[in-house]
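See structure below.
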C-alpha cells in the first residue's frame with residue numbers, strides 16, 4: 001500500500017484539502033484502483049449542503065468541472081439505479097451506471113458502479129464495463145458550529161488519478177459557493193425561477209484575466225456563436241453608464257445586437273450591467289434601466305483560478321421571450337464557452 005498526502009494550500013485553496021491517496025490491489029477486479037479523498041468546508045447547514053450536492057440543477061453546476069453538460073438520471077434513493085451522464089462531441093450520450101448502496105440522510109451516501117453507457121447503449125458485460133464494476137464514489141457530511149465538512153471519496157483507475165486530483169478540488173469550490181449562496185438567500189438562489197437564476201463556474205485563470213474577457217473587445221469573441229464568423233465590431237466602453245454592443249448570431253435566420261449598459265464596475269472583482277441593447281435584444285431604454293434585466297458577475301480568486309458567479313435578475317414584468325428556462329440555458333451555454341476557452345489555455349501550460 002502506498003499513500004500520498006497533500007496540503008490544502010499546496011493543491012488549490014485553503015477551503016479545499018486533499019487528505020490522502022490510497023492505492024490497493026482489488027483481487028475481485030484483477031487490477032489496481034485508487035481511492036482518492038478530497039474535502040471542503042462550507043459555511044452552511046448540513047441539510048443545505050446535502051441538497052445542493054445532490055439536487056439535479058446544482059449537481060449539474062458543480063460537476064460541470066468534469067464535463068460541461070454533466071447530469072444524472074435516476075434517483076439517489078437507497079437501492080436505486082443512478083446514471084451519471086454527459087454528451088459526447090458527436091451528440092451521443094455516454095456515462096456510468098451505478099446503484100446507491102448506502103444512504104444516511106445528511107451523513108453519508110455511496111454509489112457503486114455496475115457498468116457504463118456508450119453512445120446511448122447500456123454495457124455491463126464488456127471488459128471495460130467489468131473493470132469499473134464494484135468501484136465506489138461516496139460523500140460524507142458532518143456539521144459543527146454551522147460549518148459543514150464534505151469528504152468526497154471516488155475510486156478510479158491509475159490513469160485518471162492526475163485528472164481527478166486536478167478537477168475535484170475545483171468542483172468542491174463550486175459546490176461550496178452554491179451551498180453558501182443557498183444558505184444565505186434561500187433555495188431559489190441557485191435554481192431557476194420566473195425572475196432570477198444563478199450560475200457558478202470555476203475558470204482556469206486569475207480574476208484579472210477573466211474580468212478582461214468580459215470587458216476587452218479583443219477578448220469577447222467567446223460570447224459569439226462559434227459556428228459563425230466573429231463580428232467585425234464589438235463596442236465596449238467599460239465605465240459606469242458606458243455601453244457594450246455586439247452582434248449575436250443564433251442561426252442563419254436569427255441574429256440581433258445585444259450587450260448592456262454598465263451599472264457597477266469593480267475591476268477584477270465585480271461587473272454589473274443592464275442586459276440588452278438599444279434597437280437590439282433584450283430591448284433596452286437607457287432612460288429606464290431599472291426595467292431591464294440586470295446581470296451581476298462576481299470574480300473570486302481560488303488558487304490559480306477564479307470562482308465566477310453569474311446572476312441574472314429580471315424586472316417585475318419581463319417580456320414573454322425572457323420568461324422560462326430558455327434564458328438560463330442560453331447563458332449557461334454562452335458562459336460555458338468562456339470556461340472552455342480558458343480550460344484549453346490551461347491544458348497547454
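Coordinate-derived values only; no laboratory data. No experiment lies behind these values; they were computed from the predicted model shown. Quick reminder, even Gly has a Cβ in these numbers, built from the backbone with ideal geometry, and neighbours come from all protein chains shown.
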Residue 106-residue 317 FRET efficiency (beta carbon distance; Förster radius 41 Å; 0.05 resolution): 0.55
What's the ranking of 267-278, 121-132 by average number of surrounding C-beta atoms within 10 Å, highest first? 267-278, 121-132
Return the percentage of antiparallel bridges among DSSP beta bridges fully within the stretch 196-347, rounded to the nearest 5 %. 95 percent
Ranked list, fewest to most other Cβ atoms within 10 Å of each Cβ, for 245, 47: 47, 245
Approximate spin-label separation residue 212-residue 66, in nm, with each point projected 7 Å along Cα-to-Cβ: 3.3 nm
Rounded to the nearest 10, the angle in degrees between the Cα long axis of helix 326-347 and the longest principal axis of the Cα atoms of the chain comes to 70 degrees
Starting from the Cα of residue 329, step 7 Å along the direction of its Cβ; do the same at residue 119; then give the gap between the two resulting points in nm. 2.6 nm
Less than 13 Å from a label point 7 Å out along the Cα-to-Cβ axis of residue 92: which backbone N atoms in the stretch 107-123 qualify, by residue? 117-123
What full-extension length gain, to one decimal in nm, is calculated for residue 340 and residue 264 as 0.36 nm per residue of separation minus the Cα-Cα distance? 24.7 nm
On a 0 to 90° scale, report how tilted helix 161-185 is relative to the longest principal axis of the chain, with both axes built from alpha carbons and the result rounded to the nearest 10. 60 degrees
